[in-house]
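Let me begin by presenting the structure, written as structure tokens, before commenting on it.
The values are calculated or read from the model by the stated rules, or taken from the named source; none is laboratory data. Worth saying up front: this structure is predicted, and the values here are computed from it rather than measured. Here the Cβ is made from the backbone with ideal geometry for all residues, glycine too, and neighbour counts use every protein chain on show.
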Amino acid sequence: MTINGQDIAIKDVMREPTIVESGMAFRDVIKKMIIEKTNSLVVVDADGVAIGMVNPKSLIKHVVPDYLENDSIAAHFATESIFREEAAKVADVAIEDFMQKDISTVKADDTLMQAAVVALESGQVRIPVVDENNKPIGLLTRTELKNVIGAFLDIEESFSK
């Protein structure tokens, strides 16, 4: 794709991924997200291959008790102590128990349109960019896709830091 007369590929707009290894505990995962100021972590196995992702939704889903998950009326009566207790219960749970396992990825040389279609088909708003060995080298988020669309519409602020 061309933006402002330049050919633009995924590798030109992707951001650095924040990577964590499998086996990490819930407490350490959320700490990493807080320290790194990120809402997405790419999970890799011992060989560095992307095997999953973690985002705030997966963390929250793991803390909210099943009986409250789809019951906003009952949740209204749940106390802070229940929330605190549930967080304590999962503190040492391994990342494999709450990460998103079936992730879609793209390659750095895929087109931006391919990435947009992957985002729509998978429902993922964060798509790991992987090399030929399926090792993460970048992350494409809705922000980058939004900025690509903005650049196509000649919005000057697109991609401004």
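Quick notes
- Evaluated against (1) at pLDDT below 80; (2) in a helix (DSSP H, G or I); (3) exposed (fewer than 13 other Cβ atoms within 10 Å of the Cβ); (4) not aliphatic (A, V, I, L, M), ASN70 falls short on exactly one condition, (2).
- Segment 134-146, subset of a type outside the set (D, E, K, R) and within 16 Å of VAL117 (Cα to Cα), residue surrounded by the fewest Cβ atoms within 10 Å (Cβ to Cβ): THR143
- The set of residues in segment 119-161 being of a type in the set (D, E, K, R), at pLDDT below 95 and over 14 Å from the mean Cα position of the chain (by Cα) consists of GLU121, LYS146, ASP154, GLU156, GLU157, LYS161.
- VAL64 within 18 Å of LEU139 (Cβ to Cβ) and out of contact with any His (no Cβ under 9 Å at 6 or more places or on another chain): no
- Checked against the criteria, LYS89 does not count as at pLDDT 85 or above, basic (Lys, Arg) and under 20 Å from ARG126 (Cα atoms).
- Residue in segment 101-112 that is in a helix (DSSP H, G or I) and either within 12 Å of the chain's Cα centre (by Cα) or buried (at least 18 other Cβ atoms within 10 Å of the Cβ) (or both) present: yes
- Search result, residues across segment 80-92 that are surrounded by 15 or more Cβ atoms within 10 Å (Cβ to Cβ) and in contact (Cβ under 8 Å) with a residue 40 or more places away in the chain: VAL90
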